[in-house]
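The values are calculated or read from the model by the stated rules, or taken from the named source; none is laboratory data. Remember, it's a predicted structure, so these values are computed and weren't measured experimentally. Heads up, the Cβs are rebuilt from the backbone with ideal geometry, glycines too, and the neighbour counts pull from every protein chain shown.
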Amino acid sequence: MVILLAPMGARENTILKNRPRAVCGVAGILLLILCMLVSAEPIQASDLDMIIALPAGVAQAGKPAEFSIYVHNLGEETVSVRLPVRLSCRLESDNEKLDVKASALEPFEMQSAELKRSEFVKGHYVFIVPEGLSGPVQMKVREFSAAAAVMFAVTDGKTHQAQGRTVAGLDVSPEPAQDYPTMDSLSALYQPYLVSLAGYEPLYFLVGANPEESKFQISFKYRFLDPEGNLAGKHPWMKGLHFGYTQTSFWDLESSSAPFEDTSYKPELFFQSSNMNARPSWMQGLFLQGGFQHESNGRGGELSRSTNYLYAKPFFILYNAKTRLGLQIAPKIWTYIHNDDDTNPDLEDYRGFFDLEIKLGKVDSVVLESHLRWAEEGISTQWDLTYPLHQHLFRHLGFYLQLQYVNALAESLIDYRDRNEALRLGLAIVR
C-alpha cells in the first residue's frame, strides 16, 4: 500500500509503481513527527489546471486513438494528484452520444503524486474509436470534468484512404502509421487487465553478512473488479477486493550448490478499504485491510509446514506535504485456521497473534520500517532501512539500497522453533 508519494519534476512524468514505506519504533521520535505532521494543510483542488491533449491527425473508426491528460499545479502549495488507470469518455457527434473506456497506455498503479508549484503530471491513455462514428467529435472525460472538452475528426477506413479529403472542413489526409516506441506501449492494447496488477509487500534481494542467511522476496496484488466498471460503481466497496501473493525464499549462498533452505508461499484473498471519511482532520489516511492467507513451504513428509490465517490490519497514516515526511502505524492481529497439527502444532507459540508495523520516512529519501511480534516463546523484531540509489549514487537506476536486521523466531517455517539473527544487505524494487 502506498503511504508516501513520489515527487514529480517540472518535466513530463508518468506515475510509476511505487510503494514507499516508513517506520520507527522509538517513542520520542514518533511524538516529534506527530507534532510536525499535524500542521499539514488541506489540498485546494481549485489550484489545478487540467488539459486534455489529443494527438495530431484524424482518428479512424474501429481503431485505437491516444490522448494525454496534463494536470498542472498553479497554486503556491504542494498538492496531491491522482491519475486513474481507466477513464470514462463521452463522445458526442451530430447524431450520436457514446461512452467509451480509455486505459493507461503504459500501465501504472492508481496512486497519488505530489506536485509543487508549477509542476505537472501527465497520463497517456488509449481507447478504441467506436465503429460507425465519423465527422467532428467532441470528447469529455468524466474524471476530469474541470478540463475543457476537445474536438477531433473521426473518419471511416474508406475516407481515410482518400488523399486530401476533408470532413466538415477538417483535414482528413492520411497520417503515418501509429508509432509505438516500446513493446509495452503496443502490448498494453491487448493486456487491459495489467492496470489492476500492482506491487504489494516489499520486493527485494538481500545477501547476508553470513551468505548462508541470504533472502529474497517477490510480491504482487491483483484487483478483481474494474474500479470504473458498472458493478464497482453501484457497489464502491467491491473495488477493495484483491488477490495477493507473496513468496519469501531463504537461500544458502555459502554452499557450492547454493540450495534454498526454505521457501514460504503465501497466497491470500483480502479486502482493502478506501480512505475512510471518519478519520480525524489531522490524519491523512485511515484504511482497513482484512482477509484470509494460506502459508506453506511446499514440501512433503516431515519437512512439510503449513498454516492458515484470518487477519485484520488497520493503517493509520500521517503525511506532511511541506516537510514531505510520512508516518504509518499498522497493527495486525490474526487467528490460526486449520493449522497443520502434525508438523507444526505449536507454531502459534513462536509466531504469536500480533505484529506492530511502524514506518517512518521522507519522500524519495530514507525510509525505516520496523516489525515487532509478540509470542509466548519470545519477542521477534525486524528492521529495514532503504534509500533510493538515484539520489546521489546512481542517477539512472530504479533501485533502493536496503539494509535488514532480523532477530526473530519463526522467520521461516522449516525451523520455526529456532531464533534466527541475521544482517543482510541488498537491493529492493518495492520497499
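Quick look at the numbers
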{"read-out": "Filtered residues of the range 402-426 (kept if buried (at least 19 other Cβ atoms within 10 Å of the Cβ) and in a strand (DSSP E or B))", "value": "Gln402, Gln404, Val406, Ala408, Leu409, Ala422, Arg424"}
{"read-out": "Single residue of the range 236-253 satisfying the filter (surrounded by 15 or more Cβ atoms within 10 Å (Cβ to Cβ) and over 22 Å from Gly199 (Cα atoms)) that is nearest to the chain's Cα centre (by Cα)", "value": "Trp251"}
{"read-out": "Residue, nearest to Leu186 (Cα to Cα), within the range 125-148, restricted to residues that are of a type in the set (A, V, I, L, M) and in a loop (DSSP other than H, G, I, E, B)", "value": "Val129"}
{"read-out": "Residue list for the range 69-79, restricted to those being surrounded by 16 or more Cβ atoms within 10 Å (Cβ to Cβ) and touching a strand residue (DSSP E or B) at 6+ places or on another chain (Cβ under 6 Å)", "value": "Ile69, Tyr70, Val71, His72, Asn73, Thr78, Val79"}
{"read-out": "Qualifying residue in the range 315-332 (condition: surrounded by fewer than 17 Cβ atoms within 10 Å (Cβ to Cβ) and farther than 30 Å from Leu401 by Cα)", "value": "no"}
{"read-out": "Strands (runs of 3 or more DSSP E) wholly inside the range 264-370 containing at least 3 residues that are outside the structural domain of Val79 (by TED's automatic domain parsing) and more than 27 Å from Leu385 (Cβ to Cβ)", "value": "285-296, 306-320"}
{"read-out": "Filtered residue count, the range 79-91, keeping only those that are out of contact with any Ser or Thr (no Cβ under 6 Å at 6 or more places or on another chain) and either in contact (Cβ under 8 Å) with a residue 60 or more places away in the chain or within 13 Å of Arg142 (Cβ to Cβ) (or both)", "value": "9"}
{"read-out": "Test for Phe287: is it surrounded by 14 or more Cβ atoms within 10 Å (Cβ to Cβ), in contact with a helix residue (DSSP H, G or I) (Cβ under 8 Å, 6 or more places away or on another chain) and either under 24 Å from Ser214 (Cα atoms) or among the hydrophobic types (A, V, I, L, M, F, W, C) (or both)", "value": "no"}
{"read-out": "Residue satisfying all of: in the range 192-235; over 25 Å from Leu389 (Cα atoms) and among the aromatic types (Phe, Trp, Tyr); surrounded by the most Cβ atoms within 10 Å (Cβ to Cβ) among these", "value": "Tyr222"}
{"read-out": "Residue in the range 158-172 that is part of a strand (DSSP E or B), hydroxyl-bearing (Ser, Thr, Tyr) and at pLDDT below 80 present", "value": "yes"}
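Conditions (1) out of contact with any helix residue (DSSP H, G or I) (no Cβ under 9 Å at 6 or more places or on another chain); (2) outside the structural domain of Thr343 (by TED's automatic domain parsing); (3) at pLDDT below 95; (4) more than 29 Å from Asn308 (Cα to Cα), marked per residue:
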{"residue": "Glu376", "(1), (2), (3), (4)": "no, no, no, no"}
{"residue": "Gln382", "(1), (2), (3), (4)": "yes, no, no, no"}
{"residue": "Pro388", "(1), (2), (3), (4)": "yes, no, yes, yes"}
{"residue": "His396", "(1), (2), (3), (4)": "no, no, yes, yes"}
{"residue": "Gln402", "(1), (2), (3), (4)": "yes, no, no, yes"}
{"residue": "Tyr405", "(1), (2), (3), (4)": "yes, no, no, no"}
{"residue": "Tyr416", "(1), (2), (3), (4)": "no, no, no, no"}
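Conditions (1) more than 19 Å from the chain's Cα centre (by Cα); (2) crowded, with 18+ Cβ neighbours inside 10 Å, marked per residue:
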{"position": "Tyr350", "(1), (2)": "yes, yes"}
{"position": "Phe354", "(1), (2)": "yes, no"}
{"position": "Glu357", "(1), (2)": "no, yes"}
{"position": "Gly378", "(1), (2)": "yes, no"}
{"position": "Gln382", "(1), (2)": "yes, yes"}
